[in-house]
Amino acid sequence: MSDPLSCPEFFQDPYPFYDELRATAPVSRVTTGSGGRPGYLVTGYAEAKAAFTDPGLSKDTARFFAGRSTGRNLHPAVAHTMLATDPPEHTRLRRLVSKAFTTGAVTRLRPYIQHTVDHLLDSLPENGEADLVTGLAIPLPVTVICQLLGVPEADRPQLCTWSNDLFAAGHPQRIDSASHAVAGYIAHLIDAKRRAPDDSLLHDLIAVRDEGEQLSEDELVSLAVLLLVAGHETTTNFIGTAVLTLLQHPALLNRARSNPAKIGSMLDELLRYDSPVGIATFRYSTETITLGNTEIPAGTPVLISPAAANRDPARYPAPSCPDADRDARGHLAFGHGIHRCLGAPLALAEAEIALRALLTRFPGLRLAVPAGELEWRRARLMRGLESLPVLML
């Protein structure tokens, strides 16, 4: 049994590891979690897509870990979010927040997103070095989701820090501590909005809880935590990796620069090439299932890797070469099935507006350091850069 998910090289570039595993078997036996539990990692496209909708796989972590000693102290609002539920609970919770992320709702947000992007770019040097992670990729989605939820501007930097800590692979105490901090903050914010109602999405959820009794208080806190964290983490990573991909591939960059209006049509390929989600959240088998040619016993953790699946040559020829003319629809960067990322329309709008404005305003943009010197986050679930130093030209 191997554990390719723990070595430093994996965090810098996981794709050689994924390729090696997939070449041996698209469903491989690995160790999972800090306790070294035996489980399976899915790296093949067909197998990953099937796993996302397999009725024999559950996301009910509370049920899986009931009676098991994990040695962890995650706050329940983080450990048992909507992502860790199955229908009918998942269906009920998702329906309550889905209207905020429809295509129409996101279209109405586009002027605010554009305003935020323009403001952030105004803060970057006209001719000089800047870090696009801290200067654009982090603050843009954080500002938008915090605006939706009604988070005071002064509190947003601290929430960013806690959110980043939640994905610190190999640092369970840091993760646990951050989970209590962010859940405690959200509970406090809910109390504040009960005393002073506003027009935020969080207040809408409070109304559902207080008037319709469709949400328990714990579920209200958990939903708000999930929206806050998931509402920016994926987009932050995607904006950073998308800019890096463009700067490393002149044909793609020239296409985007020469026709900025077409950047939206390139997003699927950018997502496929370097997915912001490396490994999807926890699942386990509730019965013996078969993925590909691999039989998985009941009660076994199963990890699905969208990043690996999107580089499967059986689905996408020459997958390690980004191609602006490729039809990359069907990629799994946002997942698949009932758990597909609720915020995908918002993430796409933010990335499109940010990339178009950045490349239009700074046509000579280039890396300030060799790509090999860039540091990547030490996170299994998320795939993102620690920083992206560029020359703003």
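Every read-out reported here was derived from the displayed coordinates using simple, explicitly stated rules and does not represent laboratory data. Note that the structure is predicted; figures quoted are calculated from it, not measured. In this analysis, Cβ positions are derived from the backbone assuming ideal geometry, glycine residues included, and neighbour counts consider all displayed protein chains.
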Among the residues of the range 337-379, write down those that are in contact with a Pro (Cβ under 9 Å, 6 or more places away or on another chain), within 30 Å of Lys49 (Cβ to Cβ) and of a type in the set (D, E, K, R). Glu350, Arg378
Please verify whether the range 72-85 includes one or more residues that are free of Cβ contacts under 8 Å to residues at least 40 places away in the same chain, part of a helix (DSSP H, G or I) and closer than 30 Å to Glu211 by Cα. no
Being more than 18 Å from Ala77 (Cβ to Cβ), crowded, with 17+ Cβ neighbours inside 10 Å and touching a residue at least 40 places away in the same chain (Cβ under 8 Å) narrows Ser163, Ser200, Ser179 down to just Ser200
Yes/no for Leu57 being aliphatic (A, V, I, L, M), more than 30 Å from Ile138 (Cβ to Cβ) and either surrounded by fewer than 15 Cβ atoms within 10 Å (Cβ to Cβ) or in contact (Cβ under 8 Å) with a residue 24 or more places away in the chain (or both): yes
May I ask you to list the residues in the range 159-204 that are outside any helix (DSSP H, G or I) and either over 26 Å from Thr102 (Cα atoms) or aliphatic (A, V, I, L, M) (or both)? Leu166, Phe167, Ala168, Ala169, Gly170, His171, Ala196
Can you name the residue in the range 314-334 that is in contact with a helix residue (DSSP H, G or I) (Cβ under 6 Å, 6 or more places away or on another chain) and not basic (Lys, Arg) and, of all such residues, is nearest to Arg255 (Cα to Cα)? Ala324
Among the residues of the range 136-155, count how many are surrounded by 17 or more Cβ atoms within 10 Å (Cβ to Cβ) and assigned to a helix (DSSP H, G or I). 13
Within the range 213-227, track down each residue that is under 12 Å from Ala77 (Cα atoms) and either touching a residue at least 60 places away in the same chain (Cβ under 8 Å) or in contact with a Pro (Cβ under 9 Å, 6 or more places away or on another chain) (or both). Asp218, Glu219, Val221, Ser222, Leu223, Ala224, Val225, Leu226, Leu227
If you check Gly67 against the conditions, is it within 18 Å of Ser285 (Cα to Cα) and either surrounded by fewer than 17 Cβ atoms within 10 Å (Cβ to Cβ) or acidic (Asp, Glu) (or both)? yes
Within the range 359-368, is even one residue surrounded by fewer than 16 Cβ atoms within 10 Å (Cβ to Cβ), free of Cβ contacts under 8 Å to residues at least 24 places away in the same chain and in a loop (DSSP other than H, G, I, E, B)? no
